[in-house]
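Bear in mind these aren't lab numbers, they're just calculated from the coordinates by the rules spelled out. What you see is a predicted model; the values in this text were computed from it and never measured. Quick reminder, even Gly has a Cβ in these numbers, built from the backbone with ideal geometry, and neighbours come from all protein chains shown.
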């Protein structure tokens, strides 16, 4: 069965610090990988996605993620966070169906 | 231009009541979903419909019944509400085919007292 692990449950950073959020998945076949963000009180928005090709994908708002197949990982990064990045971040995966499996989320707090 | 809309945004009701949440998408997508987000922010899929047909039906109590009158709408009806049903329910939609990117609605916060 597919599963997604996000090991960082709560991350606290100061503005301008670098960010890396971990995401590992469990699935034997070809996967599509996503990072969604949920700002306080809002709905989920897609940050970036990986289907195939270049394993380093760039998303909105300066975020990027790297797919490392050998490690079953899809970590999210941002070189310099801003206060406005405070949100909940969800990694998600699907295989050959449209059923999205979400990780438990990482709460990011950025202090000015 | 709201892509995926849900009504109501907030719903407070008592145990035992029956309630419905409506979802509409204007993206021309074939597939629609319902997700439940619990108090710990964990998101789990409940149902998905493709062109009005039920595709995914996770382990959800029979009290939950989705209804899709057309491919732009997917409503969720909940009978005999229980305290544990309190959550935020998100509707989403996507195209089927090359891309499985899902677009989410704003959510409906259901509180059962």
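Within chain B, antiparallel bridges make up roughly 90 percent of the DSSP beta bridges whose residues both belong there. Modelled spin-label separation between residue A:69 and residue B:5, with each label point placed 7 Å from Cα along the Cα-to-Cβ direction: 4.4 nm.
Sorting A:93, A:110 by the number of Cβ atoms found within 10 Å of their own Cβ, with the fewest placed first, yields A:110, A:93.
Legend: mean number of C-beta atoms from other chains within 10 angstrom of residue C-beta atoms, peptide A:35-45, equals 4. Shielding by partners for peptide B:35-41, expressed as the average number of C-beta atoms from other protein chains within 10 Å of each residue's C-beta, is 3. Computed from the Cα positions only, the extents of chain B along the three principal axes stand at 42, 28, 26 Å, in decreasing order. Sorted largest first, the spans of the alpha carbon positions of the protein assembly as shown along the three principal axes are 48, 39, 35 Å. Mean per-residue shielding of peptide A:88-100 is 4, counting Cβ atoms of other chains within 10 Å of each Cβ. Inter-part distance, region A:5-29 to region B:7-60, computed on C-alpha centroids, equals 27 Å. When only alpha carbons of chain A are considered, Rg and Dmax amount to 13.4, 42 Å. Residue ranges A:82-91, B:35-44 sort as A:82-91, B:35-44 when ordered by packing (mean number of other C-beta atoms within 10 Å per residue, highest first).
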